[in-house]
Amino acid sequence: MILKKNKILPSENKKPILYDVYCNETENPQPVVIFCHGYKGFKDWGAWHLVAEAFANAGFCFVKFNFSHNGGTVEQPIDFPDLEAFAENNFSLELDDLDRVLKEIEGGGENFPKQISTISLIGHSRGGGIVLIKAEEDARISKVVTWASVCDFKARFQEGTAAFESWKETGVTYVENGRTKQRMPNKFQFYEDFKANEKRLTISRAVKNLKIPQLIVHGSEDPTVSVTEAKAIHSWNPQSELAIIDGADHVFGAKHPFGENTLPNDLKKAVEKTIAFLK
């Protein structure tokens, strides 16, 4: 297996994107899978490297990357040294980042296979919403998979509550990261960008208009994003496949840091289900 780690995708007037590529040497066209992390996530979180290896061993070229404004830097891709960038993040930026990765792959960037058969997307948590929107609007995507995905971006802003009004007034709100104990800022521009692009950023609209195969994977005991959200996504596209992993949590038994060298059982189930679906 070939691993290309912490490669930099620069763009003029934009923050660079850091990415990893896991694939095998072959003369044949390869199916590519792009993985999108969630809120307060990053490409090197927990067991994502073991997920990447499993896909590469199954014959896929697996690409995972950090969203440009996820709070990491090129020098320090793990955790959140750049909270100023984190504060400036929004859904439109993440969709643009994913598009930049797609263009690099499609353009035959030196770190990717010269011949590509298909491109599929996997998104975890908030990244699930991002891949569903992108899959609906972009003809380059052949299949889309969500793991523990949210079904509605708008609901998370809690419009009209005291917390929302305070955010609007002060221009910034803070979310504590339970692991790093950082107070992570979200500027009000995040909501303003959502409102300006609300039609595009409505996950239900995207799912109802999907014309490609879709798999929804969710844990029955997810405390972060309820399994009812997976069922809602499935109801918007009855052609989709819904796989509920009994007893699984939001990260399918993984944690950060993850010291073991085999996948947790629930994450292994999610990976196997996804590989079978993509094949």
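Kindly indicate whether any position in the range 37-56 is part of a strand (DSSP E or B), surrounded by 22 or more Cβ atoms within 10 Å (Cβ to Cβ) and among the hydrophobic types (A, V, I, L, M, F, W, C).
To start, the set of residues in the range 37-56 that are part of a strand (DSSP E or B) comprises none.
Within the range 37-56, not a single residue is part of a strand (DSSP E or B), surrounded by 22 or more Cβ atoms within 10 Å (Cβ to Cβ) and among the hydrophobic types (A, V, I, L, M, F, W, C).
Show me the strands (runs of 3 or more DSSP E) entirely contained within the range 182-279 in which 1 or more residues are without any contact (Cβ under 8 Å) to a residue 40 or more places away in the chain and either within 19 Å of Ala148 (Cβ to Cβ) or hydroxyl-bearing (Ser, Thr, Tyr) (or both). Step through it out loud before you land on a result.
Values: elements: 183-187, 214-219, 241-245.
The qualifying strands (runs of 3 or more DSSP E) are 241-245.
The criterion of being free of Cβ contacts under 8 Å to residues at least 60 places away in the same chain and of a type outside the set (Ser, Thr, Tyr) holds for Asp138.
Looking at the range 148-185 only, could you name the residues that are at positive phi and small (Gly, Ala, Ser)?
So the first thing to find is which residues in the range 148-185 are at positive phi, and the list is 148, 158, 160, 171, 181.
Correct list: Ala148, Gly160, Gly171.
Scanning the range 120-139 for residues that are small (Gly, Ala, Ser), buried (at least 24 other Cβ atoms within 10 Å of the Cβ) and over 21 Å from Ala52 (Cβ atoms) returns a single hit, Gly129.
Would you call Gly59 touching a residue at least 24 places away in the same chain (Cβ under 8 Å), under 30 Å from Glu176 (Cα atoms) and either of a type outside the set (Ser, Thr, Tyr) or in a helix (DSSP H, G or I) (or both)? Explain how you work it out, then say what you get.
Values: touching a residue at least 24 places away in the same chain (Cβ under 8 Å): yes; under 30 Å from Glu176 (Cα atoms): no; either of a type outside the set (Ser, Thr, Tyr) or in a helix (DSSP H, G or I) (or both): yes.
No.
Every number in this text was worked out from the coordinates using simple rules, so none of it is lab data. What you see is a predicted model, and the numbers here were worked out from it, not measured in a lab. Because the Cβ atoms are built from the backbone with ideal geometry, glycine has one as well, and the counts that use them run over all protein chains shown.
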